[in-house]
Amino acid sequence: MSARPSFPSLLESFFHHRMVRQRNATPATIASYRDALRMLVLFAADRARCEPCDLTIDHIDRDTILAFLDHLEATRANKIQTRNARLAAVRSFFQHVAANDPGSLGVAHRILAIPLKRAHTEVTHHLTREELDALIAAPDQRTERGRRDRTLLLFLGRTGARVSEALAINVDDLHLDRTRPQVLLRGKGRRERVVPIAADLAGALRTLISERGLDQQASIFQGVHGERMTRFGATHVVWRAVAAATTAQPGLATKVVSPHVLRHTLAMTLLQSGVDLLTIQAWLGHSQVATTHRYAAADVEMMRRGLHQAAISGKQPARFKTKDRVLQLLESI
């Protein structure tokens, strides 16, 4: 009888064989799963009072996983969506365990039976057109950093790109001819899409490329040392702009503004301009139109106009009064 595979060997084969060779997972997915399993390993080792290299599959049972998920929410203050994403990584690993270590089938099946936690669906937040304009105008155009920041804000606000998509583009992903400027974006799950570029954004990009002398393979949005800007850096660009724009638009001070809010803002602008949901879905790179539909659900003003157009009266009809004593009793409860 062959020896059971060790926990470290299962981890190694999970990433090298299942994730890379079998699933052809993207680097972003691999990094997300790696971070989730690293946190689990550290938690389980602390719980078992041993070194991570001494862990076995038996140490990581259903109770340990449930305690780990509680730890994510209670100690790390992770939202339910993040908790579920970590659980998805754990499930994927234990599917690999079940297929490669028959002796761990019982442990794996009990973990795979842990359900995802239902999350509260939050209202999608977005900026008004005036707030977006104030945000884009906030960076100081007399400085090189200010011009870069304005171009990044324009890019996020005009293309609706995810921040990871915006930061990943190189010069050769852009087509900045005067008639039909556009950009190639690489989204989730290796899905690519081409979206149009507005005239003001095209002009800002041409200026940025010329000013910095960027070649075709260079990243568009760079840090102070010429390295590709990080998500953390892009978030700080947005925060700086919000702080500067609150004088012109005081309402920004009450909003939590992130790069993703600019994506929501473009989606709502397109919807309110009469663009259909399927076009918005393709523009934003959503895999399902149900994801895009939440923007329609969030637009209260469109609903209000629909109420007016349907001429729905606010008057309540006279309430039915029953004469039956039993029904009267039920009505009174």
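Whenever a residue of the range 17-39 is assigned by TED's automatic domain parsing to the domain that holds Ser92 and part of a helix (DSSP H, G or I), its partners that are among the basic types (Lys, Arg) and surrounded by 12 or more Cβ atoms within 10 Å (Cβ to Cβ), lying with C-beta atoms within less than 8 angstrom and at least six residues away or across chains, give the pairs Ala28/Lys188; Ala36/Arg86; Met39/Arg86. Scanning the range 176-194 for residues that are surrounded by 15 or more Cβ atoms within 10 Å (Cβ to Cβ) and without any contact (Cβ under 8 Å) to a residue 60 or more places away in the chain yields Leu176, Pro181, Gln182, Val183, Leu184, Arg186.
Only one of Arg18, Arg4 is of a type outside the set (S, T, N, Q), under 18 Å from Gly103 (Cβ atoms), surrounded by 15 or more Cβ atoms within 10 Å (Cβ to Cβ) and at pLDDT below 95; which? Checking each option against the conditions leaves just Arg4. When residues in the range 195-222 are screened for being loosely packed, with under 13 Cβ neighbours inside 10 Å and either without any contact (Cβ under 8 Å) to a residue 24 or more places away in the chain or not assigned by TED's automatic domain parsing to the domain that holds Ser164 (or both), 3 of them pass. Considering each residue of the range 227-239 in turn, at least one proves to be surrounded by fewer than 15 Cβ atoms within 10 Å (Cβ to Cβ), assigned to a helix (DSSP H, G or I) and either of a type in the set (Val, Ile, Thr) or at pLDDT 95 or above (or both). The set of residues in the range 57-79 being loosely packed, with under 15 Cβ neighbours inside 10 Å and either polar (S, T, N, Q) or within 20 Å of the chain's Cα centre (by Cα) (or both) consists of Glu73, Thr75, Arg76, Ala77, Lys79.
Of note, Arg76 satisfies the criterion of being assigned to a loop (DSSP other than H, G, I, E, B) and touching a helix residue (DSSP H, G or I) at 6+ places or on another chain (Cβ under 9 Å).
When you go through Gln249, Gln281 one by one, which is the residue that is surrounded by 15 or more Cβ atoms within 10 Å (Cβ to Cβ) and without any contact (Cβ under 8 Å) to a residue 12 or more places away in the chain? Only one candidate qualifies: Gln281. Scanning the range 97-154 for residues that are aliphatic (A, V, I, L, M), within 20 Å of Ala198 (Cα to Cα), modelled with pLDDT of 95 or more and outside any helix (DSSP H, G or I) returns a single hit, Ala138.
If you go through the range 155-184 and keep only what is part of a helix (DSSP H, G or I) and over 19 Å from Glu227 (Cα atoms), you end up with Leu156, Gly157, Arg158, Thr159. The number of residues in the range 42-55 that are in a loop (DSSP other than H, G, I, E, B) and surrounded by 15 or more Cβ atoms within 10 Å (Cβ to Cβ) comes to 1.
Residues checked against (1) in contact with a Cys (Cβ under 8 Å, 6 or more places away or on another chain); (2) under 21 Å from Arg118 (Cα atoms); (3) without any contact (Cβ under 8 Å) to a residue 60 or more places away in the chain:
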{"position": "Arg4", "(1), (2), (3)": "no, no, no"}
{"position": "Pro8", "(1), (2), (3)": "yes, no, yes"}
{"position": "Thr56", "(1), (2), (3)": "no, no, yes"}
{"position": "His59", "(1), (2), (3)": "yes, no, yes"}
{"position": "Ile65", "(1), (2), (3)": "no, yes, yes"}
{"position": "Glu73", "(1), (2), (3)": "no, yes, yes"}
{"position": "Ala88", "(1), (2), (3)": "no, yes, yes"}
{"position": "Ser92", "(1), (2), (3)": "no, yes, no"}
{"position": "Asp101", "(1), (2), (3)": "no, no, no"}
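In the range 138-153 there is at least one residue matching the filter, namely being surrounded by fewer than 23 Cβ atoms within 10 Å (Cβ to Cβ), touching a Gly at 6+ places or on another chain (Cβ under 6 Å), assigned by TED's automatic domain parsing to the domain that holds Val194 and of a type in the set (D, E, K, R).
The values are calculated or read from the model by the stated rules, or taken from the named source; none is laboratory data. These numbers were taken from a predicted model, which means no experiment stands behind them. Note that each Cβ is placed from the backbone with ideal geometry, even for glycine, and that neighbours are counted across all protein chains shown.
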